[in-house]
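Colleague: One structure, as structure tokens, below. Some questions next.
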Amino acid sequence: MIKQNRNLYVSHLDKINCECLKISSVWYQYYEPYELDYLESIGFDKVWAFINFVAELPNEEMDIQYAIKDHQLLNREFTFIQCKIVINPKCKLKGYAFKINNEVNAITVSHENIEFDFLNPIVFADENSSTMKSLKQKSGRLLECENKLILEYEKENRDFFNLKQEFQIY
């Protein structure tokens with residue numbers, strides 16, 4: 001479920017999806033209470049924000065993501081950034097990168113409404129290899145790639161977040 005207050009969107013979906021990325025190419029994961037203070041400082045109702053970020057969570061374990069449409073980009077600890085994932089020169093798929101602090105730590109590739117997660121290869125190289133095999137099977141075509149994927153971001157996002165344009169998968 002996505003709730004809206006003017007140009008502030010709050011996702012209770014526990015994960016970014018295509019619906020979210022149609023609203024905004026950048027989503028932040030709510031992590032620190034000071035983020036609610038910031039939202040109040042730029043004109044959003046503190047009570048509405050508290051209710052929708054904290055009080056009405058469907059599940060206490062759930063992560064909350066938010067986007068502020070048509071607003072300056074924010075440097076937050078956890079950020080989801082829409083991008084195209086280049087498997088090889090003939091194959092570009094939609095998806096997003098998950099940035100922790102200043103590093104892309106994971107990417108999600110979308111193919112025919114199925115998401116494929118590639119996680120930090122230092123810990124998850126074997127899982128990433130399995131994920132790539134699954135993506136190749138589901139796509140029904142030969143997806144040859146090296147051990148890295150190329151990430152293409154909107155210029156404003158790439159420049160603001162100073163993002164690397166490669167993601168090592170194994």
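The values are calculated or read from the model by the stated rules, or taken from the named source; none is laboratory data. All values reported here derive from a predicted model rather than from experimental measurement. Reconstructed Cβ throughout: ideal geometry from the backbone, glycine too, with neighbour counts over all protein chains shown.
Colleague: Of all residues being among the acidic types (Asp, Glu) and free of Cβ contacts under 8 Å to residues at least 40 places away in the same chain in the stretch 1-45, which is surrounded by the most Cβ atoms within 10 Å (Cβ to Cβ)? Just the residue, please.
Modeller: Once the filter is applied, the top-ranked residue is GLU40.
Colleague: Keeping to the stretch 62-91, report how many residues are surrounded by fewer than 18 Cβ atoms within 10 Å (Cβ to Cβ) and assigned to a loop (DSSP other than H, G, I, E, B).
Modeller: 12
Colleague: Here is a follow-up. What number of residues within the stretch 26-63 satisfy the criterion of being hydroxyl-bearing (Ser, Thr, Tyr) and more than 15 Å from ILE2 (Cβ to Cβ)?
Modeller: So the count comes out to 4.
Colleague: How many of the residues in the stretch 46-61 are touching a His at 6+ places or on another chain (Cβ under 9 Å) and either crowded, with 19+ Cβ neighbours inside 10 Å or of a type in the set (Val, Ile, Thr) (or both)?
Modeller: Number of matching residues: 1.
Colleague: If ILE2 meets every condition in (1) closer than 25 Å to ASP159 by Cα; (2) in contact with a Ser or Thr (Cβ under 8 Å, 6 or more places away or on another chain) apart from one, which number is that one?
Modeller: (1)
Colleague: Right, next: Any residue that is more than 17 Å from the chain's Cα centre (by Cα), free of Cβ contacts under 8 Å to residues at least 60 places away in the same chain and farther than 19 Å from SER25 by Cβ - is there at least one of those in the stretch 108-115?
Modeller: Looking for residues that are more than 17 Å from the chain's Cα centre (by Cα), free of Cβ contacts under 8 Å to residues at least 60 places away in the same chain and farther than 19 Å from SER25 by Cβ, one finds at least one in the stretch 108-115, hence yes.
Colleague: Condition first: outside the structural domain of SER130 (by TED's automatic domain parsing), in a loop (DSSP other than H, G, I, E, B) and more than 28 Å from LYS155 (Cβ to Cβ). Can you find one or more residues in the stretch 22-29 that meet it?
Modeller: There is no residue in the stretch 22-29 that is outside the structural domain of SER130 (by TED's automatic domain parsing), in a loop (DSSP other than H, G, I, E, B) and more than 28 Å from LYS155 (Cβ to Cβ).
Colleague: Further question on the same structure: Touching a residue at least 40 places away in the same chain (Cβ under 8 Å), more than 17 Å from TRP27 (Cα to Cα), of a type in the set (Val, Ile, Thr) and in a strand (DSSP E or B): is that true of ILE150 in this structure?
Modeller: yes
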